[in-house]
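Undergrad: The structure follows.
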């Protein structure tokens with residue numbers, strides 16, 4: 001197959017043709033000319049127009065062939081458009097505006113930017129970091145305009161730390177589609193309100209369930225903007241709070257009993273916090289020895305394991321009855337961390353029990369958050385929240401890319 005044919009088949013070139021291709025200074029240089037069978041189109045409205053004159057030759061960079069850079073040379077025509085009422089440059093279908101990269105190359109850069117850092121993509125294609133960023137921006141704008149959110153009924157809300165110093169980004173995920181649908185800087189009420197404003201009242205009305213942690217600003221905004229949706233507290237974060245309470249009992253007991261007890265409890269933290277089936281054989285042996293002693297941490301551990309059974313219920317009435325019994329046990333345990341956890345659950349009991357009306361959790365969100373952390377590590381961090389959020393949209397929102405004549409990736 002001739003190189004001319006390859007170029008012709010990988011570009012939108014109706015009304016144009018490849019006149020010649022030659023190797024110059026290690027590059028493939030292609031000369032494009034108008035196909036006289038077609039009239040030029042207006043660059044503003046796309047209507048067929050009358051030729052006026054020709055502008056100087058422009059050079060466009062195309063997707064490399066066999067690692068060889070390809071350049072397209074074309075002299076754009078100026079046309080007189082009766083619809084727009086003036087003289088304009090013709091429509092050039094393989095490029096956008098004044099950009100000197102073909103649409104196919106921009107989509108190729110954006111595609112590689114989903115798996116590599118922008119800097120690595122720039123090195124691979126021998127272009128500037130800013131060019132890769134522009135390709136990503138174009139892909140995101142196209143994807144946001146053409147994505148389908150009509151089937152979103154369950155969403156998960158969670159924050160992720162972007163860098164040290166309590167700098168957070170709030171992410172909203174489609175739990176069924178396992179994709180990011182919105183990301184914004186901060187984790188306050190205004191941040192989440194911004195999501196609902198962009199999501200729109202019609203789409204918000206379709207929401208059946210919203211899963212989030214017990215962060216009060218999230219809870220307040222969800223109840224304000226989507227009061228009809230079932231608010232479910234994330235099981236993962238509830239268990240995380242319980243684990244912190246158990247560990248605090250261990251620390252308090254060490255402080256209370258002094259150095260000898262500290263030696264006894266050395267390297268036991270994860271014995272109390274792990275699931276029993278995840279313990280190693282040596283940890284199981286150590287746990288059996290510690291359970292024979294009259295330790296406060298033993299009682300906290302038993303309460304933690306008993307609370308696990310709460311999630312096994314299917315009927316909210318039976319679940320509430322079990323939770324009430326567990327609450328009495330915890331509040332009469334004389335263990336302050338466990339009492340504090342129990343009262344935290346009691347204050348939010350109605351929303352905690354919503355889990356049994358809509359058994360959803362942020363398991364998918366935690367997985368997606370881990371993916372977001374990989375994006376941070378892959379790029380060794382981002383200087384600005386805007387760049388980080390752009391990467392999240394591009395890599396995690398499953399946005400459709402602009403269509404091209406040929407897929408190069």
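The values are calculated or read from the model by the stated rules, or taken from the named source; none is laboratory data. Predicted, not measured: the structure shown is a model, and the values here were computed from it. So basically every Cβ, Gly included, is an ideal-geometry build from the backbone, and we count neighbours across all protein chains shown.
Undergrad: Got a number for residues in the stretch 248-282 being surrounded by 14 or more Cβ atoms within 10 Å (Cβ to Cβ) and either in contact (Cβ under 8 Å) with a residue 40 or more places away in the chain or outside any helix (DSSP H, G or I) (or both)?
TA: Residues meeting the conditions: 9.
Undergrad: Let me ask something else. Looking only at the stretch 12-64, which residues are part of a strand (DSSP E or B), under 24 Å from residue 121 (Cα atoms) and either modelled with pLDDT under 85 or not assigned by TED's automatic domain parsing to the domain that holds residue 82 (or both)?
TA: Passing the criteria: only 27.
Undergrad: Right, here's the next one. Can you tell me which residues in the stretch 283-307 are free of Cβ contacts under 8 Å to residues at least 12 places away in the same chain and part of a helix (DSSP H, G or I)?
TA: Across the stretch 283-307, the qualifying residues are 284, 285, 288, 289, 291, 298, 302.
Undergrad: Follow-up. Among 204, 131, which is over 24 Å from residue 216 (Cβ atoms), without any contact (Cβ under 8 Å) to a residue 40 or more places away in the chain, over 19 Å from the mean Cα position of the chain (by Cα) and surrounded by 15 or more Cβ atoms within 10 Å (Cβ to Cβ)?
TA: Just one listed residue meets the conditions, 131.
Undergrad: Given (1) at pLDDT 90 or above; (2) under 37 Å from the mean Cα position of the chain (by Cα); (3) over 20 Å from residue 251 (Cβ atoms), identify the lone condition not met by residue 307.
TA: Of everything listed in (1) at pLDDT 90 or above; (2) under 37 Å from the mean Cα position of the chain (by Cα); (3) over 20 Å from residue 251 (Cβ atoms), residue 307 misses just condition (3).
Undergrad: Restricting to the stretch 201-216, and then to whatever is assigned to a loop (DSSP other than H, G, I, E, B) and modelled with pLDDT of 90 or more, can you tell me which residue is nearest to residue 230 (Cα to Cα)?
TA: Out of the qualifying residues, it is 208.
Undergrad: Restricted to the stretch 370-404, and to residues that are in contact with a helix residue (DSSP H, G or I) (Cβ under 6 Å, 6 or more places away or on another chain) and farther than 18 Å from residue 116 by Cβ, which residue is modelled with the highest pLDDT?
TA: 400
Undergrad: Name the residues in the stretch 169-200 that are more than 14 Å from the chain's Cα centre (by Cα) and in a strand (DSSP E or B), would you?
TA: Answer for the stretch 169-200, where residues must be more than 14 Å from the chain's Cα centre (by Cα) and in a strand (DSSP E or B): just 186.
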